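Right, one structure below, let's go through it.
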Amino acid sequence: MGNTIQVKNPATGDILKEVDVTSASEIETALREGDEAFKSWSKVNAHERSRLLKEWSEKIKEETEQLTEVMTLESGKPLKESRGEVAYAASYIDWYAEEAKRIYGRTIPSNTESKRIVVTKEPVGLVAAITPWNFPAAMMTRKAAPALAAGCTFVVKPAEETPLTTIRLVQLAHEVGIPKNVVQYVNGYGADVGPIFTDSPLVRKITFTGSTPVGKLLMENSAATMKHVSMELGGHAPLILAKDADIDFAVEQTLASKFRNAGQTCICANRVLVHESIADEFSEKLTARIKELKVGNGLHEETDVGPVINADGYEKIHTQIEDAVDKGAKVLYGHQYDKDDEKGYYFVHPTVLENVGEGMDIMQEETFGPVIPLTTFRENEEAVNIANNTPFGLAAYFFTNDYRTGIYYQEHLKFGILGWNDGAPSAAHAPFGGMKESGIGREGGPEGIEPYIETKYLSIGGI
Ligand code: ADP
């Protein structure tokens, strides 16, 4: 392990800060302290936990502009998106501050007069979280808020690219009076910190957002101590336009879905499937709108599409585009890069590819970049087959004003999140999560607190 991690601005390659790597023994101490703090935090009454969470959220909202700037600096996302993410991150805390008060047990009618059956709920214990760089605030709060609301204590390891937002969020939690050992962060490289988390018997739950291979590894390593796991992993979202889709509306929603965070979200549309009868009109209108998008440093208010996070991210996108072009895809727009390997910044201009086929990598793998591959279909069944032909099952979008077509897609798409005429379905009050290799568990909504709660059954006899 090195002693520090350099946090860089992906728009310029400049070093923003060096953060100390938390040593293995310091991480062990954090886990011990988190486990110790669980004894008292789990006994704090739900209304008090709720009050503290609300204060944390208010503090975050008060600091919106500072958090926005930090997030844009370390992640590259445009200011307007960072601002939106601060509000989105706070909305999880607000939601779970309320849910804290609604963790209900139940009584069950007994089959004998001499017994009573009572079911109670308890927090699972110390939670260890590992978060990604693409949503440095929201991925942290949508884990921390339900954990704290349920009475769990929480240690988070943010992505090495974006620790600064997380560090500030944890400081703000402490400033409002959430005890220091109830919510903690540690810094380090995933491969070093992951095993410490998974090996520790003190950690009762691992919650992770990131790539599918790392999620599988964490799950495997959690088996030895039988931890609870929640996994939000990769996606490969299809976006389908049925023949009666409102094209202008679908164009705007496609932009919202695809270019948010320069295409670096796990629910970004990754493949666009258009009914052949409207394909020309859609691609013309889409390309015209994409030409208006401003690519640049996220710190400029007018920027719509920022840099991609780093050289690895760029390589993946670049390789997928070149593979598609080599195999016969036609470039409708984009296919332009602005990068400097020495300084370490990478911009990929929004790109639209036509004539893509299932033999191309871009139709099989998550891109995590601002690229739209367009393909056509004739029958809804064909669209569903193409859409489902992936090991991933996170988000899918379909555009139709015909209710029968809509219901058909709703019933046949094997994805955990569906947007029907909606390119931006995420919300704190709704369950977010994937099927198949996109993960296990849901975050948000009433479902999002369940993974932090144990069920205890009490049978009282001899009555
Ligand atoms: P990406 O490729 O998008 O960065 P990762 O899954 O590699 O996605 O990263 C998401 C988070 O997982 C980051 O916090 C990273 O440090 C962490 N991570 C990476 N590798 C491992 C690992 N082997 N064990 C645990 N965490 C890891």
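If you project the alpha carbons of region 1-151 onto their three principal axes, what span does each projection cover, largest first, in Å?
73, 37, 24
Note down the Stokes-Einstein diffusion coefficient of the chain in µm²/s, whole number, using a Kirkwood radius over alpha carbon pairs, 4 °C, and 1.567 mPa s. Don't skip to the end; give the middle numbers.
Numbers: Rh = 23.0 Å.
The calculation lands on 56 µm²/s.
Tell me the angle of helix 24-41 to the major Cα principal axis of the chain, expressed in degrees between 0 and 90 and rounded to the nearest ten.
60 degrees
With charges set only on the Cβ (+1 for Lys and Arg, -1 for Asp and Glu), what does the dipole of region 46-120 come to about its Cα centre, in debye to the nearest 20?
Using Cβ point charges on Lys, Arg, Asp and Glu, region 46-120 gives about 580 debye.
Limiting things to C-alpha atoms, what are the Rg and the maximum Cα-Cα separation (Dmax) for region 326-463, in angstroms?
20.8, 78
For region 9-76, report the % of Cα-Cα distances exceeding 14 Å.
The calculated P(r) of region 9-76 puts 76 percent of pairs beyond 14 Å.
With just the Cα atoms of region 352-410, tell me how far they stretch along each of the three principal axes, in Å, largest first.
Taking the Cα atoms of region 352-410, the three principal extents are 32, 23, 20 Å.
Setting aside same-chain residues fewer than 8 positions from residue 43, which lysines have a Cα under 29 Å from its Cα?
List returned: 54, 59, 61, 101, 115, 121, 143, 157, 180, 205, 227, 456.
Let me make sure I get this right: for region 199-328, a, b and c are the square roots of the gyration tensor eigenvalues over alpha carbons, sorted descending. Under 1.5 in a/c it's rounded, otherwise prolate if a/b > b/c, else oblate. Which is it?
prolate
Give me the Kirkwood hydrodynamic radius of region 68-119 in Å, from all C-alpha pairs, to one decimal place?
With all distinct Cα pairs of region 68-119 included, I get 14.7 Å.
Give me the distance in nm between label points sitting 7 Å out from Cα along the Cα-to-Cβ direction at residue 16 and residue 323, one decimal.
Roughly 3.0 nm, to one decimal.
Determine ³J(HN,Hα), in whole Hz, for all residues of region 55-69 in sequence, where each value follows from phi through the Karplus function 6.51 cos²θ - 1.76 cosθ + 1.60 and θ = phi - 60°; x replaces Gly and Pro.
Each residue of region 55-69 in turn: 5, 4, 4, 4, 4, 4, 5, 4, 9, 3, 5, 5, 5, 4, 5 Hz.
Keeping every protein chain present and rolling a 1.4 Å probe, give me the accessible area per residue for the chain in Å².
For the chain, the per-residue accessible area is 41 Å².
Enumerate by residue number the GluC sites (Glu not before Pro) in region 379-424 meeting two conditions: DSSP loop (anything except H, G, I, E, B), and at most 13 other Cβ atoms within 10 Å of the site's Cβ. Let's see the in-between values first.
Values: sites: 379, 381, 382, 411; in loops: 379.
Sparse-neighbourhood loop GluC sites (Glu not before Pro): 379.
How far is helix 163-175 tilted off the main Cα axis of the chain, in degrees rounded to 10, range 0 to 90?
The helix 163-175 is inclined about 30 degrees to the chain.
How far apart, in nm, are two points set 7 Å out from the Cα along the Cα-to-Cβ line at residue 315 and at residue 248?
4.5 nm
The values are calculated or read from the model by the stated rules, or taken from the named source; none is laboratory data. Nothing here was measured: the structure is a model prediction, and the numbers come from that model. With ideal geometry, Cβ positions are generated from the backbone for all residues, glycine too; neighbour counts draw on all protein chains shown. Each accessible area value is taken on the protein alone, full model and side chains, heavy atoms only, with ligands, DNA and RNA left out. Shrake-Rupley method; radii C 1.70, N 1.55, O 1.52, S 1.80 Å.
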